[in-house]
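The values are calculated or read from the model by the stated rules, or taken from the named source; none is laboratory data. Fair warning: this is a prediction, and the values are worked out from it, not measured in the lab. Methodologically, a virtual Cβ is constructed for each residue, glycine included, from the backbone with ideal geometry; neighbour enumeration extends over all protein chains shown.
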Amino acid sequence: MTVRKFLLGALGPLAVGFACGGIKQDEIDCEEALSHLQGCCPDFVANEVQCESSQTTTDDGCNTVTTTTYPALSSAERSCILGEACGELVASGVCDRAQAARGYTTTTMTSPETTSSTGEQDTGVCP
């Protein structure tokens, strides 16, 4: 098998995901941070931490409700994790806090009279 065929086979599905809007950069960055944590942290289970994001909108004719779910690790947390050596991640407790991190959701309701939003991110993974 040539290198080109290998790369097309390996990277083709990823390219399709980007082209179809299926994989977002924050999801890829989150997975990269989880990979680093899995390599550093004893007993870290990466698939228990949400990296997917999504958005749904419903409209009943009067109100529009948009619910957005974000990856469990914020951009700042992903940078922090990727910038730290394994020993520091373990010693500072980042491994344990990252394992407990969950995705967060915001909900925005828009009606003809008002717009309101709820939700916030837990940003307690990195010190």
What are the residue pairs meeting all of these: first residue in the range 21-41, first residue basic (K, R), second residue in a loop (DSSP other than H, G, I, E, B) and crowded, with 19+ Cβ neighbours inside 10 Å, Cβ atoms under 9 Å, and 6 or more apart or on different chains? K24/P71
For the range 49-62, which positions are surrounded by fewer than 13 Cβ atoms within 10 Å (Cβ to Cβ) and touching a residue at least 40 places away in the same chain (Cβ under 8 Å)? C62
Within the bounds of the range 95-104, is there any residue that is surrounded by 12 or more Cβ atoms within 10 Å (Cβ to Cβ) and in contact with a strand residue (DSSP E or B) (Cβ under 6 Å, 6 or more places away or on another chain)? yes
Leading residue by the ranking (farthest from the chain's Cα centre (by Cα)) among those in the range 25-48 that are modelled with pLDDT of 95 or more and not in a helix (DSSP H, G or I): C41
Within the range 105-127, track down each residue that is exposed (fewer than 14 other Cβ atoms within 10 Å of the Cβ), polar (S, T, N, Q) and either outside any strand (DSSP E or B) or in contact (Cβ under 8 Å) with a residue 60 or more places away in the chain (or both). S111, T114, T123
Kindly provide the set of residues from the range 66-93 that are touching a residue at least 40 places away in the same chain (Cβ under 8 Å), touching a Pro at 6+ places or on another chain (Cβ under 9 Å) and not basic (K, R), ordered by number. C80, V90
Just one of the numbered conditions (1) over 19 Å from Y104 (Cβ atoms); (2) at pLDDT 90 or above; (3) in a helix (DSSP H, G or I) is not true of G17; which one? (2)
